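The values are calculated or read from the model by the stated rules, or taken from the named source; none is laboratory data. Since this is a predicted model, take the numbers as computed values, not measurements. Virtual Cβ from ideal backbone geometry, glycine too; neighbours counted across all protein chains shown.
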Amino acid sequence: MSEMKKEIAKEKPNLKYQRDKDREMVKGVFRFFEVPGGSMSFVYKAYKQDQVERYDMVDGQQYTVPLGVAKHLNKNGWYPEYAFVPGDSEMRTGMASQVFGQNQMMRVQHKVRRFAFQSLEFLDIDEFTPNRTLSQVEVVNPML
């Protein structure tokens, strides 16, 4: 029984550290893709100890916000677009097979971004995906 408690304690994230990290202020530009030049208001509360805070942002304006709010804007600002994809007809029964057809299934085709927060100073290593490619650009002057 004590081994299980030790494993649970190991897997539990350090919430105090994460909360402190999410409260660090970062600077960036708010982008509102859905309504260019428009404004958006939202409320945010990530942790039990936090107060609910209201944010009013305008597209293209520069803001200093907590890192947690910037992450929230980048992770949760999308809606799904669905499309039919070929599927296994045995999986579909009843009304669904009559509506969608025997060999078609509906799934999320891609995510449409509504808004984002473009960083002017931060890069979270945890969110840096290895699929991104970095390249070096050199300017060569042919006159020399």
Check: Can you name every residue in region 37-49 that is touching a residue at least 24 places away in the same chain (Cβ under 8 Å) and closer than 16 Å to Q61 by Cβ?
Finding: M40
Notebook entry, point to check: In this structure, does E3 turn out to be at pLDDT below 95 and under 16 Å from N74 (Cα atoms)?
Noted result: no
Next item on the list: Specify the residue that is surrounded by the fewest Cβ atoms within 10 Å (Cβ to Cβ); the eligible residues are those in region 14-51 that are among the hydroxyl-bearing types (S, T, Y) and more than 19 Å from F117 (Cα to Cα).
Entry: Y17
Checklist line | Matching residues, region 32-50, being of a type in the set (A, V, I, L, M, F, W, C) and assigned to a strand (DSSP E or B) | finding: F32, M40, F42, V43
